[in-house]
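Here the structure comes first, spelled out in structure tokens, and everything after it is commentary.
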Amino acid sequence: MSPKKKILFLTGTRADFGKLKPLIQKVKASGDLDYAIFATGMHMLARYGSTVKEIYKAGFNKVFTYINQDASYVAGMDQIVASTIQGLGHYVREYQPDLIVVHGDRVEALAGAIVGALNNVLVAHFEGGERSGTVDELLRHAVTKLAQVHFVANEEARRRLIQMGEDPDAVFAIGSPDVDVMLSDDLPSLAEVRKKYAIEFPEYGIFTYHPVTTELPLLEQNIDATIAGILKSELSWVAIYPNNDAGSDVVLRALERLRNHPRVRLIPSMRFEYFLTLMRHAKVVCGNSSAGIREAPVYGVPTVNVGTRQNERYEYASIVNVRENAPSVARALHALPRRFTPSMHFGEGNSAALFLDKLRDPLLWTTPRQKLFRDMVDTTPSKRRIKRAA
């Protein structure tokens with residue numbers, strides 16, 4: 001009997017773990033595959049709720065924890081990449097996985113792809129081929145070029161990766177695994193969520209604002225203006241801490257001023273399933289998180305998307321894009337549209353099953369570690385060639 005293939009999942013945030021969780025569960029329950037989790041990043045920081053605890057609560061025990069940054073100061077994103085490479089590299093050479101699974105556009109995903117490439121280990125990247133603003137898009141596409149296998153949310157993303165020179169036979173459109181969780185019957189009730197996180201508002205919006213790393217000189221005025229805009233509305237708000245990108249300290253200082261506001265419940269982080277239930281019943285999702293672009297439309301919940309962080313991403317009737325100033329935000333919240341028909345653009349709830357099918361396909365494991373760039377041949381004659389031919 002051949003040994004089980006070993007799948008290593010890398011997670012650095014509450015958000016990417018929520019998306020990877022159904023995939024890990026499928027591998028764990030498979031019987032013919034082995035799994036391990038390398039938990040790092042925000043999971044290990046008390047300031048963000050030490051969310052590594054949620055990994056254990058989900059029933060996973062093959063977890064290696066690694067602190068990739070000092071919480072006493074705001075580490076540079078380059079420092080976090082370097083630290084993660086060092087720790088993950090040691091672990092990969094010890095565990096010797098057959099496949100490293102990374103997600104999205106975080107610095108930890110970039111580190112995982114680099115470690116895989118430099119240790120001759122296959123890397124599978126989830127949710128490549130998507131557009132976004134700030135440095136995230138650079139990171140996402142860099143991970144694509146380092147990974148050999150790609151699991152994307154839809155055909156649009158698949159075409160984009162092929163345009164980047166990726167092998168079509170290694171790009172699989174299987175949907176986003178978070179939609180599996182969103183459409184499941186296992187989410188907690190709203191009453192459970194309210195009780196766990198002490199949310200007493202009968203109606204509320206969700207507010208999450210992450211730093212835009214390419215606009216740091218404007219960050220303080222942008223977050224202040226956005227907060228002023230949401231407070232002009234009559235809504236109560238569940239506000240959630242930002243990620244730990246450069247500038248997060250500026251956003252956190254602004255949010256701390258809301259801690260005792262009668263219409264704001266400030267929360268460091270939420271368990272993914274609880275966040276989904278909260279979103280499902282929200283009046284609006286506001287800020288610049290991808291949750292407003294990718295998840296809120298699945299439930300038909302309106303989004304007021306602020307600023308440039310989600311530039312060029314999915315557009316849907318439920319999403320209103322505004323500038324980062326108080327009047328624009330307030331007007332959008334005052335004229336909130338009603339709920340919309342759910343969007344299935346990012347998946348239909350069967351991503352984890354399709355992922356497992358691919359892992360069991362022997363052809364996947366013949367994917368070359370050594371990538372070759374694929375030239376896109378343009379067969380359309382240029383004006384210069386036409387002229388010469390004439």
query = At 222 nm, what helix-only mean residue ellipticity would the chain give, in deg cm²/dmol to the nearest 500, using -39500 (n - 2.57) for each DSSP H run of four or more?
reply = -11000 deg cm²/dmol
remark   = Per the C-alpha gyration tensor (a ≥ b ≥ c, the square roots of its eigenvalues), the stretch 190-334 is rounded if a/c is under 1.5, else prolate if a/b beats b/c, else oblate; here it's rounded
request  = Indicate the gyration tensor shape class of the stretch 81-133 (rounded, prolate or oblate), computed on the Cα atoms with a ≥ b ≥ c the square roots of the eigenvalues: a/c under 1.5 is rounded; otherwise a/b larger than b/c is prolate and the rest oblate.
outcome  = oblate
inquiry  = What distance in nm separates the two pseudo spin-label positions at Glu203 and Phe373, each 7 Å out from Cα along the beta-carbon direction?
reply    = 5.5 nm
ask   = Along the positive direction of the dipole of the chain (beta-carbon charges: Lys, Arg +1; Asp, Glu -1; about the Cα centre), which of Tyr314, Pro202, Val264 reaches farthest?
value = Tyr314
task = Have a look at Thr214, Val181, His90 and report the one farthest towards the positive end of the charge dipole of the chain, computed about the Cα centre with Cβ charges (Lys/Arg +1, Asp/Glu -1).
result = Thr214
message = Assuming 0.36 nm per residue, please report the length gained on full extension of the stretch Leu118 to Tyr56 beyond their Cα-Cα distance.
response = 19.4 nm
key: Folded to 0 to 90 degrees: helix 14-30 orientation relative to the chain principal axis, Cα   = 50 degrees
query = How big is the stretch 130-178 in terms of Cα radius of gyration and Dmax, in angstroms?
reply = 10.4, 30
query = Tyr316 versus Ala191, label points 7 Å from Cα toward the beta carbon: distance in nm?
reply = 2.9 nm
query = How far is the Cα center of the stretch 229-251 from the Cα center of the stretch 68-123, in Å?
reply = 29 Å
ask   = Using only Cα atoms, what is the ratio of the radius of gyration of the stretch 1-149 to 2.2 N^0.38 Å?
value = 0.99
remark   = The summed charge of the Val107 Cβ neighbourhood (under 12 Å; Lys/Arg +1, Asp/Glu -1) stands at -4
inquiry  = Sort 289-297, 211-219 by the packing proxy (mean of other Cβ within 10 Å over each peptide's residues), most packed first.
reply    = 289-297, 211-219
query = Relative to a virtual label point 7 Å from the Cα of Lys4 in the Cα→beta-carbon direction, which members of the stretch 101-123 show backbone nitrogen distances below 18 Å?
reply = 101
message = Let me see the P(r) profile for the chain: every Cα-Cα distance counted, bins of 20 Å, each bin given as a percent of all pairs.
response = 28, 57, 14, 1
request  = Report relative contact order for the stretch 190-334 in percent, whole number only (criteria: Cα-Cα under 8 Å, sequence separation at least 6).
outcome  = 28 percent
query = What is the set of long-range amide H partners of Thr303 at a cut-off below 5 Å, with H atoms built 1.01 Å from backbone N?
reply = Val285, Ile319, Val320
request  = Beyond 24 Å between alpha-carbons counts as too far, so tell me which of Lys21/Lys62; Lys53/Lys358; Lys53/Lys283; Lys26/Lys62; Lys19/Lys145 fall in that bin.
outcome  = Lys53/Lys358; Lys53/Lys283
key: Given charges at beta-carbon only (K, R positive; D, E negative), |dipole| of the chain in Debye   = 340 debye
Normalised contact order of the chain, rounded percent, pairs of Cα under 8 Å and 6 or more residues apart = 17 percent
request  = Report the extension gain between Ile67 and Glu215 in nm, rounded to one decimal, defined as 0.36 nm multiplied by the number of residues separating them, less their alpha carbon distance.
outcome  = 50.5 nm
task = Using only alpha carbons, build the gyration tensor for the stretch 335-379 and give me the equivalent ellipsoid semi-axes, biggest first, whole Å.
result = 36, 22, 8
query = Computed FRET efficiency, Cβ-Cβ of Leu363 and Asp224, R0 45 Å: what is it to the nearest 0.05?
reply = 0.25
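Placing unit charges on C-beta atoms (Lys and Arg positive, Asp and Glu negative, everything else neutral), compute the dipole magnitude of the stretch 190-334 about its Cα centre in debye, rounded to 20.
400 debye
Here, each number is a calculation from the coordinates, and none is a lab measurement. No experiment lies behind these values; they were computed from the predicted model shown. As a convention, Cβ positions derive from the backbone with ideal geometry for all residues, glycine included, and neighbour counts pool all protein chains shown.
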